[in-house]
1. Relative contact order of the chain: what whole-number percent is it, with Cα pairs under 8 angstrom and at least 6 residues apart?
2. Under the √(5λ) rule applied to the eigenvalues of the Cα gyration tensor, what semi-axes describe the equivalent ellipsoid of segment 233-444? Give them in Å, descending.
3. Would you please put 249-256, 148-155, 222-229, 464-471 in order of how densely packed they are, using the mean number of other Cβ atoms within 10 angstrom per residue and starting with the highest?
4. Rounded to the nearest 20 debye, what is the charge dipole size of the chain about its Cα centre when +1 sits on each Lys and Arg Cβ and -1 on each Asp and Glu Cβ?
5. Work out how far the C-alpha atoms of segment 416-466 reach from end to end along every principal axis, then list the three figures in whole Å, largest first.
6. Calculate one ³J(HN,Hα) per residue across segment 248-256 by plugging θ = phi - 60° into the Karplus curve 6.51 cos²θ - 1.76 cosθ + 1.60, and present them in order as whole Hz with x for glycine and proline.
7. Under Stokes-Einstein, with the Kirkwood radius over Cα pairs standing in for Rh, what whole-number D in µm²/s applies to the chain at 4 °C and 1.567 mPa s?
8. Provide Rg over Rh for segment 341-430; use the alpha carbon set for both Rg and the Kirkwood Rh (inverse mean inverse pair distance).
Amino acid sequence: MADLARVLNEVIPHAHYVGGIVRSSLLRRESSDLDITLPAADVAPAARELGRRLKAAVFEMDAEFGVWRLVTHKGKIQIDLTAYQGKDLKADLLRRDFAFNSLAYPVSALPEIVIKPQKSGTAHVILKKLKKNLIVDYSGGLQDVAAKVIHLTNSRVFKEDPLRMLRAFRSSAELGFVISDKTLKQIKKDRALIAEPAGERVREELDRLFCTSKAYDNLMRMDACGLLTALFPELEPQRKCAEVYYGKGGVLKHTLDVFKRMEYLLDHLPKAFPKYAKKLAPLAENKPLYKMAALLHDIAKPATAKVKGDRLRFFYHEEKGAQMAKAVLERLHYSRADLRLICAMIGEHLRPSNLASNDVITDRGAYHFFRDLGDAGVPLLLLCWADYASYVSDAQLRRIMPKSAQRLMTIAQAQKTANVGKTLRHMQVLSLLLRKFFDTPKKVQPTRLITGRDVMDALSLPPSPKIGEILEAVAVAQVEGKVVSKEDALAFIKTLDVKEQHIRAR
């Protein structure tokens, strides 16, 4: 759509490209839409005329703020027309959040609009050949873009929309910009307001932040100015809990260390699991989900902390944690599927450690693990990797990662090198489980050879819970190599004592 700039100029020559599209274009970054602002009375008629000229779908997004959206049928270009928030362009720009978002460029200047279609979703766009002397800048935005600084336009911006506090850190992570001291001080002052925005808006900002490789750095900055625990008050009790074990910052320090390791893992799967990185990549695509699981995995430790003898213990913190995490995720309007997955990961995150307490990990043990966890099985292994890796230094982690795929060391061997040995052995357990899952799937996810009807017919049994128990016994026999065909399975079930309370071989 090479004539897009011309059509826009013919219909709305007095309008301005504004905000993200101008800032992104100055940074030579693509944007997902064209934001254009103009007088309120002109928005609706302009939207309808542009829809006709551009053959685009047109609809009103927000009647209160005068926002209309167009999406072209060809190329899927998204254009948002927004009424001035204030009496004129200057008032509108001065009410925006940060100086680098308070820039405008006249439509009449006819910038070159480069359109880059996407396989899915709307096209990306960028403005080229911008003339700096035509950029409208009342807040020093051009200077901030050049200096890569995020600076608020006025002291009211967070009161007008508290989500902007979170957006500052998300923008910092995405753009590599530094948040100014004045902005950080205002965030610290207004942090309690972050409880006001709707959960889905908070979730969207967190998802974008967690998609970056700078989420950990920005969580640390959020915590320094009090925004992290204002957003997640359930994490604040962690700060003073178990400092004798985790050091200053207690469980919260550990939580953030696990988050850091999860971020590293998702960015470096080939280093952690060289053989299975390609198979894991599709499962690990949803980075925000895994990082949220890391952030909430020990949420219940303060509530379950008890001194037992001379040790601080956290009995059933994983089960309690799943319940607490559910409330947080519901507040953020997570989908039911994502909520179930994260809560399953949190609720069972001690399972691999329990397996590691045995010198030998049997096929039967692996089968029960993946049977019980279902779709959460492999994701849980990634969470456990981040958890275990948090107990060693960066240098120690680099040293032991290549050894994690080696043969499982014994518990006695692991104890010789204290904490590093324990971590390595736990990582070897994770690698072993992945090896069983990907290389010998019939051992951990056996294909059902017979049905419940087959069982009832062969043993002359009525429908009952016993049928499921018998099928489970057949599955275990498959895992152990005792049954490999339907004939084997039918012969095997005839050896079972089905009259006992618990099914067993005669």
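1. 8
2. Semi-axes, largest first: 25, 21, 17 Å.
3. On the way: 249-256: 22.0, 148-155: 18.2, 222-229: 19.8, 464-471: 16.4.
Ranked from most to least packed, the peptides come out as 249-256, 222-229, 148-155, 464-471.
4. Numbers: 82 positive and 59 negative charges, 277 e Å.
That gives the chain a dipole magnitude of about 1340 debye.
5. Extents along the principal axes, in whole Å: 58, 22, 12.
6. 4, x, x, 5, 5, 4, 4, 4, 5
7. 49
8. Dividing the radius of gyration by the Kirkwood radius yields 0.96.
Computed from the coordinates by the stated procedures, all read-outs in this text should not be read as laboratory data. Treat the numbers as computed from the prediction; the structure is a model and nothing was measured. Please note: Cβ atoms are built from the backbone with ideal geometry, for glycine as well, and neighbour counts cover all protein chains shown.
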